[in-house]
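Enquirer: First, the structure itself, so that you have it in front of you.
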Amino acid sequence: MGLSESLPSWEGQILAGKYRVDRLIGRGGMGDVVAAEHLQLGQMVAIKILRPESCRDSSAVARFVREARATASLRSDHVARVIDVGTLDSGLPYIVMEHLLGTNLDEVLQKGGPLPIETAVALVLQACEAIAEAHSLRIIHRDLKPSNLFLTHGSDGRYLVKVLDFGISKAILQDSSDSITTTTQVLGTPAYMSPEQIRHSKYLDGRTDVWSLGAILYELLTGVPAYEAEASSAVLAKIIADPPAPVRTTRPDAPAALEKVILRCLKKDPDDRYGGVAELSKALLPFADDDGPLLVERIERIATAAVPTDPDNGFGIDVLARVGIWRSTMKYIAVTVLAFSATIAGTKLLTRKGAASPAPPSGNAAQTPSDIVPPGREVTVPEAKPVASLPPALLESPPTTSPRKTPQPIGHGGSRSDLRKSHATSAPPPVESGVPEGLADRK
């Protein structure tokens with residue numbers, strides 16, 4: 001029996017000895033989400049619990065664990081924070097996340113229709129920042145869609161996009177033993193899946209998330225998905241074979257240059273798309289609001305992180321490669337030190353030999369051995385002067401970071417009205433949520 005059917009027996013119960021369940025606030029694909037209070041801290045949290053029927057599927061359990069690991073590894077303000085993980089006495093695994101107030105972008109579209117251009121671009125740019133960090137850790141989300149972009153507020157009251165549900169994310173690591181990373185099973189939401197994800201989900205890189213972000217921006221501007229049909233199979237077939245309808249067919253006020261950016265994201269061949277979210281965010285900058293430049297600069301810093309980029313997949317070198325670079329550098333330093341030591345030793349030897357056999361004075365006449373060392377004269381070899389030790393290496397100055405400018409609230413027609421808060425879950429779809437003020441009245 002799922003949690004939703006047994007809610008009366010759960011309501012008010014204590015989970016893991018420290019969380020008191022308040023209410024059910026949502027159901028996801030694999031589990032149920034409850035709002036609960038941390039007994040010691042008095043803090044409201046959202047707890048995602050895997051349903052019993054899902055626990056019988058080993059791949060579902062692996063995806064559940066993957067979500068916890070992937071989300072916990074990300075520090076971005078644009079990712080729902082993981083607080084705790086564990087297993088209940090019943091054997092059901094759970095994830096404790098921050099409790100979010102707001103609504104997801106799918107509900108925004110359903111209740112209010114298409115968004116203003118600057119608003120839509122700003123929301124996608126915030127999502128790009130979260131995905132930039134995930135990609136820098138070689139994590140692909142693989143299930144980006146409007147319902148997984150949650151619109152809430154930061155501590156200063158300004159609007160904030162949180163990327164949710166890393167349950168089917170894929171970590172590209174060398175020699176990974178996790179079967180999910182090499183699965184050929186098609187996972188994701190059809191309307192937002194890239195062609196390569198449909199064909200062979202085993203071989204993916206960050207450009208599949210670029211496709212999904214383009215599909216999301218298309219829908220935020222037009223109010224309809226780039227690809228839609230009555231059956232999922234028909235949607236997948238269209239993605240594989242058909243080009244999307246031009247954005248300006250449905251949204252004539254959209255700039256032609258912005259339409260070009262979106263259609264490039266939706267290219268069938270990954271090589272024809274943007275190489276990563278940093279490149280995409282830079283292309284979106286001309287259509288962003290006043291906070292766009294600082295946000296794009298931050299995305300570029302996160303994406304590059306002063307690490308060489310692999311042009312084949314758009315990712316930065318992973319941790320193992322960084323360790324390899326460090327080891328190679330240390331080997332180079334060691335070889336250099338040994339070579340320098342050998343040079344010093346050779347210099348000392350040549351100095352001693354030179355003192356024993358001084359060079360002939362300048363002149364045209366050749367000197368005989370008796371001229372160089374007169375008979376009966378004792379020759380003293382001077383002591384070689386010690387070579388001064390090398391000065392210590394200079395410490396590298398720590399990298400400086402520019403202070404981040406928090407985006408201002410945005411709304412229809414350029415207004416900056418606050419977003420209305422309403423209760424929702426940190427995992428889609430939320431229940432008790434509403435359309436934020438400023439996003440409801442749109443052209």
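The values are calculated or read from the model by the stated rules, or taken from the named source; none is laboratory data. The shown structure was predicted, so the numbers you read here are calculated from the model rather than taken from an experiment. When we count neighbours, we look across all protein chains shown, and the Cβ atoms used for this are built from the backbone with ideal geometry, even at glycine.
Enquirer: Tell me, please, whether a residue that is free of Cβ contacts under 8 Å to residues at least 24 places away in the same chain and in contact with a Ser or Thr (Cβ under 6 Å, 6 or more places away or on another chain) can be found in the range 195-204.
Expert: Within the range 195-204, the subset free of Cβ contacts under 8 Å to residues at least 24 places away in the same chain is 200, 202-203.
Filter once more, keeping what is in contact with a Ser or Thr (Cβ under 6 Å, 6 or more places away or on another chain): 202.
Within the range 195-204, one or more residues are free of Cβ contacts under 8 Å to residues at least 24 places away in the same chain and in contact with a Ser or Thr (Cβ under 6 Å, 6 or more places away or on another chain).
Enquirer: Which one is modelled with the lowest pLDDT among residues in the range 164-191 that are in contact with a Phe, Trp or Tyr (Cβ under 8 Å, 6 or more places away or on another chain) and within 25 Å of residue 279 (Cβ to Cβ)?
Expert: Ranking the candidates gives 172 first.
Enquirer: Could I ask something else about it? Just checking, which of 51, 69, 56 is under 26 Å from residue 146 (Cβ atoms) and surrounded by fewer than 18 Cβ atoms within 10 Å (Cβ to Cβ)? Give the steps one after another, and end with the answer.
Expert: Working: 51 fails: surrounded by fewer than 18 Cβ atoms within 10 Å (Cβ to Cβ); 56 fails: under 26 Å from residue 146 (Cβ atoms).
The conditions single out 69.
Enquirer: Between residues in the range 65-90 that are under 23 Å from residue 101 (Cα atoms) and residues that are crowded, with 16+ Cβ neighbours inside 10 Å and hydroxyl-bearing (Ser, Thr, Tyr), which pairs lie under 6 Å by C-beta distance while being six or more apart or on different chains?
Expert: 70/169; 80/426; 82/71
Enquirer: For the subset of the range 225-256 comprising residues that are over 24 Å from residue 200 (Cβ atoms) and not in a loop (DSSP other than H, G, I, E, B), which member is nearest to the chain's Cα centre (by Cα)?
Expert: 247
Enquirer: On the given criteria, is residue 321 under 21 Å from residue 76 (Cβ atoms), modelled with pLDDT under 95 and not hydroxyl-bearing (Ser, Thr, Tyr)?
Expert: In short, no.
Enquirer: Also, quick follow-up: Filter the range 251-268 for residues that are in contact (Cβ under 8 Å) with a residue 60 or more places away in the chain and surrounded by fewer than 17 Cβ atoms within 10 Å (Cβ to Cβ); which is nearest to residue 213 (Cα to Cα)?
Expert: 268
Enquirer: Can I ask one more? Among the numbered criteria (1) in the same structural domain as residue 68 (by TED's automatic domain parsing); (2) under 30 Å from residue 199 (Cβ atoms), which one does residue 94 miss?
Expert: For residue 94, the exception is condition (2).
Enquirer: Out of everything in the range 279-307 that is in a loop (DSSP other than H, G, I, E, B) and within 19 Å of residue 207 (Cβ to Cβ), what residue ends up being farthest from the chain's Cα centre (by Cα)?
Expert: Per the stated criteria, the residue is 307.
Enquirer: Answer yes if at least one residue in the range 154-161 is at pLDDT 65 or above, within 20 Å of residue 225 (Cβ to Cβ) and in contact with a strand residue (DSSP E or B) (Cβ under 7 Å, 6 or more places away or on another chain), and no otherwise. Even if it seems obvious, please write down each step before you answer.
Expert: Looking only at the range 154-161, we keep the residues that are at pLDDT 65 or above, and these are 154-161.
Cutting the leftovers down to within 20 Å of residue 225 (Cβ to Cβ) gives us 161.
Then drop every residue that is not in contact with a strand residue (DSSP E or B) (Cβ under 7 Å, 6 or more places away or on another chain), which leaves 161.
The answer is yes; a qualifying residue exists.
Enquirer: Of everything in the range 7-48 that's small (Gly, Ala, Ser), surrounded by fewer than 18 Cβ atoms within 10 Å (Cβ to Cβ) and touching a residue at least 12 places away in the same chain (Cβ under 8 Å), which residue is nearest to residue 91 (Cα to Cα)?
Expert: Out of the qualifying residues, it is 16.
Enquirer: When you check residue 288 against the structure, is it surrounded by fewer than 19 Cβ atoms within 10 Å (Cβ to Cβ), modelled with pLDDT of 55 or more and of a type outside the set (Ser, Thr, Tyr), yes or no?
Expert: no
Enquirer: Hey, another quick one. If a residue must be buried (at least 24 other Cβ atoms within 10 Å of the Cβ) and small (Gly, Ala, Ser), how many such residues does the range 204-238 contain?
Expert: So the answer is 5.
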